[in-house]
Structures are given as structure tokens and as C-alpha cells.
Amino acid sequence: ARALTVEHRFAAAVLDPGVMDVSASWTDNIPSPLLKLFRDGKKDAFDRDMEIGLRLSPATARTWRFRARPYGKDSYFDTLTEVHRYTLSDAEAAQITTPLLLTDPEREQFWPGQSERLARACGGPSELVAFTAAEGADFHCQPMARQLTDARMFAWLDAALEPGRC
């Protein structure tokens, strides 16, 4: 979505799902005293307390390492700072004029409600496509219903890219 705010040459785009604030899935799982350290810019204290907390939960530490790897930062504070760069305001989203298909899976566990918010905020045409538990297509990126997801995406792209429409 961020690229589409400035790049207007795409004829159509699919966002699976639409995300306006990547950091939400990170900060929702960080205890408020730690978030306060982060928001107050107390890097050393934040990194120290994160290290202690993650030692107590090896599973959470593995998840953090896996999710943090693409950001290429050495500290917890720097990683979270980088994650916070991946946000869109409503004003930025309004600059998106590319026709969008946004998936909206029931029980989205990382960015619930963000596809709908982005669909409302974008400046061009958008279609919000619901995926449900009854279809076996709930949860982030509909992992148990990729064929259904692909069928809906490609049908939408066929229509969006029909000669004369773009």
C-alpha cells in the first residue's frame, strides 16, 4: 500500500490483507510498561527489559527473531522503530488511486479491521472481499483456503485488467 501512494502506474493491485499500520501487530503484544520505555525513547532500558522478558519465554523470543529478521536491526528498540515506519495515515492512503482488491479474512489475527479502514481511506476504487470461517477461509492470508483466495483474486484481476478498463 505504501508504494501505491506515490507510484500510480499500476493498473490494479491486490492487498492480502490491506495494512495501514504494521506496528499494531507488534505493539499489541508488548506490555504497557515496555511500550512506555519505547515511546519515551529509552533505548537501553527497553532493550534490557525486552531481553529479560524474552529469556522467560523462548517461544515468544523465537517469534520475535523470526518477525524481526527482515528489518535487519540489532536491537529490540531499533527493530520496533523500523517497524513503526510502515504506517499509512488516512491522508496518505487517500493518495492511492490504483484500483484495489483487499482481502478481509474473518478472525484476522495481526491486523483486524485494517483492510476495511484502508478500503474507506484510499482515493481510488476498492473492493473489500470477505473470507469466512464457514468457507474455511478465516485467519491471516486464509491459509486453509488458498485456492479460494487465488480464484477470487484472479477473477477480480481479470475484470480489472479487461481491455478498455485500464
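Please tell me if Asp150 is of a type in the set (Asp, Glu), more than 30 Å from Leu37 (Cα to Cα) and open to solvent by less than 50 Å² (accessible area, probe 1.4 Å).
For Asp150, the condition - of a type in the set (Asp, Glu), more than 30 Å from Leu37 (Cα to Cα) and open to solvent by less than 50 Å² (accessible area, probe 1.4 Å) - is not met.
Go through (1) open to solvent by less than 50 Å² (accessible area, probe 1.4 Å); (2) outside any helix (DSSP H, G or I); (3) closer than 23 Å to Pro143 by Cβ and name the single condition Gly41 misses.
Here Gly41 clears every test but (3).
In region 103-143, what residues are farther than 12 Å from Pro17 by Cβ, polar (S, T, N, Q) and not in a loop (DSSP other than H, G, I, E, B)?
Hit for region 103-143 is Ser126, nothing else.
Modelled with pLDDT under 95 and under 19 Å from the mean Cα position of the chain (by Cα), is that true of Ile96?
So Ile96 does not fit the description; no.
If the requirement is being open to solvent by 50 Å² or more (accessible area, probe 1.4 Å), at pLDDT 95 or above, touching a strand residue (DSSP E or B) at 6+ places or on another chain (Cβ under 7 Å) and not β-branched (Val, Ile, Thr), which of these qualifies: Ala119, Ala130?
Unique residue meeting the criteria: Ala130.
Give the residues of region 44-77 that are of a type in the set (D, E, K, R), in a helix (DSSP H, G or I) and surrounded by fewer than 15 Cβ atoms within 10 Å (Cβ to Cβ), sorted by residue number.
Asp44, Arg48, Glu51, Arg55, Arg62, Arg65, Arg67, Arg69
Kindly indicate whether Ala145 is under 28 Å from His8 (Cα atoms), in contact with a Gly (Cβ under 9 Å, 6 or more places away or on another chain) and among the aliphatic types (A, V, I, L, M).
Judged against the criteria, Ala145 is not a match.
In this structure, is Ala1 assigned to a helix (DSSP H, G or I) and either among the small types (Gly, Ala, Ser) or modelled with pLDDT under 95 (or both)?
No; evaluated as a whole, the condition is false for this residue.
What do you reckon, is Val19 closer than 20 Å to Leu100 by Cβ and either out of contact with any strand residue (DSSP E or B) (no Cβ under 8 Å at 6 or more places or on another chain) or open to solvent by less than 30 Å² (accessible area, probe 1.4 Å) (or both)?
yes
Could you check how many residues of region 83-108 are among the hydrophobic types (A, V, I, L, M, F, W, C) and open to solvent by 40 Å² or more (accessible area, probe 1.4 Å)?
Residues meeting the conditions: 2.
The values are calculated or read from the model by the stated rules, or taken from the named source; none is laboratory data. Keep in mind that what you see is a predicted model, and the values were worked out from it rather than measured. Neighbour counts run over all protein chains shown; Cβ positions are idealised from the backbone, glycine included. Heavy atoms of the whole protein, side chains included, go into the accessibility calculation; ligands, DNA and RNA do not. Shrake-Rupley method; radii C 1.70, N 1.55, O 1.52, S 1.80 Å.
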